[in-house]
Amino acid sequence: MHIPGYSFGSVAPAPLSLADFDRMKGAALFGEGDVAALRRSHEVLAPQTDAILDVWYGFVGSLPHLLASFSLEGRPDVAYLGAVRARFGQWILDTARAEYDQRWLDYQLEIGRRHHRVGKNRTDGAKASPIVELRYLFPLIVPVTHTLRPFLAADGASPEEVDARHAAWLKSVVLQVTLWAHPYVKEGDF
Ligand code: HEM
């Protein structure tokens with residue numbers, strides 16, 4: 001399925017190599033077992049992406065300082081929320097697919113730019129707030145991965161298997177959000 005604005009091929013190259021990303025994976029104890037666990041999560045998550053997004057959007061909508069990122073003059077931009085939601089759904093599937101090539105890495109930097117003022121609002125021509133402040137990016141890892149757990153368990157997998165999927169998701173999201181921080185960081189300090 002093609003999601004408007006979501007395409008690995010059409011973004012600027014990342015100033016990072018796959019070897020750099022491998023070293024980041026090592027720092028997060030992210031290994032082949034995690035790749036396998038993410039891929040096993042694909043089947044159980046794929047039919048549930050809408051329900052997952054309902055939970056995540058419900059969380060963002062419940063906190064005015066987060067909803068502000070999607071709002072213009074205090075009113076949520078419904079078209080913008082909807083367009084981003086479609087890309088977010090594709091991101092769930094791509095995170096579970098766990099295929100890391102240079103195009104994927106380039107796209108992570110693009111997602112970072114889309115949270116930062118250099119790229120926010122541009123994909124959808126939105127007029128919402130100019131930046132998602134960095135101080136909220138990392139904390140959101142907690143609700144995103146915490147609320148995923150019941151969805152990871154929905155196929156009746158054993159608690160050990162659900163733990164493995166959950167740990168892999170947490171590591172992957174930590175690594176991705178770290179990549180997304182790139183545009184926020186002073187040249188030379190990433
Ligand atoms: C764990 C942290 C986060 C995850 C996993 C996440 C995930 C995503 C994804 C997958 C997209 C779509 C990227 C694309 O265009 O392909 C997106 C966009 C967006 N996110 Fe986040 N996000 C996180 C933190 C936040 C926070 C804290 C906010 C503040 C409310 C936020 C607000 C937004 C906004 C406004 C967009 C649209 C950006 C644009 O104009 O293109 N995100 N996010």
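Is the range 64-73 home to any residue that is within 12 Å of the chain's Cα centre (by Cα) and within 10 Å of the ligand (Cβ to nearest atom)?
Checked the range 64-73: no residue is within 12 Å of the chain's Cα centre (by Cα) and within 10 Å of the ligand (Cβ to nearest atom).
Of (1) over 28 Å from ALA37 (Cβ atoms); (2) loosely packed, with under 13 Cβ neighbours inside 10 Å; (3) near the ligand (Cβ under 9 Å from one of its atoms), GLY82 satisfies all except one. Which?
For GLY82, the exception is condition (3).
Among what's in the range 114-158 and is assigned to a helix (DSSP H, G or I) and within 7 Å of the ligand (Cβ to nearest atom), pick the residue that is surrounded by the fewest Cβ atoms within 10 Å (Cβ to Cβ).
TYR136
Filter the range 1-29 down to residues that are in a loop (DSSP other than H, G, I, E, B) and more than 16 Å from the ligand (Cβ to nearest atom), then give me how many there are.
Within the range 1-29, the subset in a loop (DSSP other than H, G, I, E, B) is 1-7, 11-17, 28-29.
Next cut, more than 16 Å from the ligand (Cβ to nearest atom) only: 13, 15-17, 29.
Residues flagged as in a loop (DSSP other than H, G, I, E, B) and more than 16 Å from the ligand (Cβ to nearest atom) within the range 1-29 amount to 5.
So is LEU179 farther than 24 Å from LEU67 by Cβ, buried (at least 17 other Cβ atoms within 10 Å of the Cβ), away from the ligand (no atom under 15 Å from the Cβ) and aliphatic (A, V, I, L, M) or not?
Here the answer is no, as LEU179 does not meet what is asked.
Among the residues of the range 91-101, is any in contact with a helix residue (DSSP H, G or I) (Cβ under 9 Å, 6 or more places away or on another chain), outside any helix (DSSP H, G or I), at pLDDT below 95 and more than 10 Å from the ligand (Cβ to nearest atom)?
No.
Would a scan of the range 16-23 turn up a residue that is at pLDDT below 95 and touching a Phe, Trp or Tyr at 6+ places or on another chain (Cβ under 9 Å)?
yes
The values are calculated or read from the model by the stated rules, or taken from the named source; none is laboratory data. All values reported here derive from a predicted model rather than from experimental measurement. We place every Cβ from the backbone using ideal geometry, glycine too, and count neighbours over all the protein chains shown.
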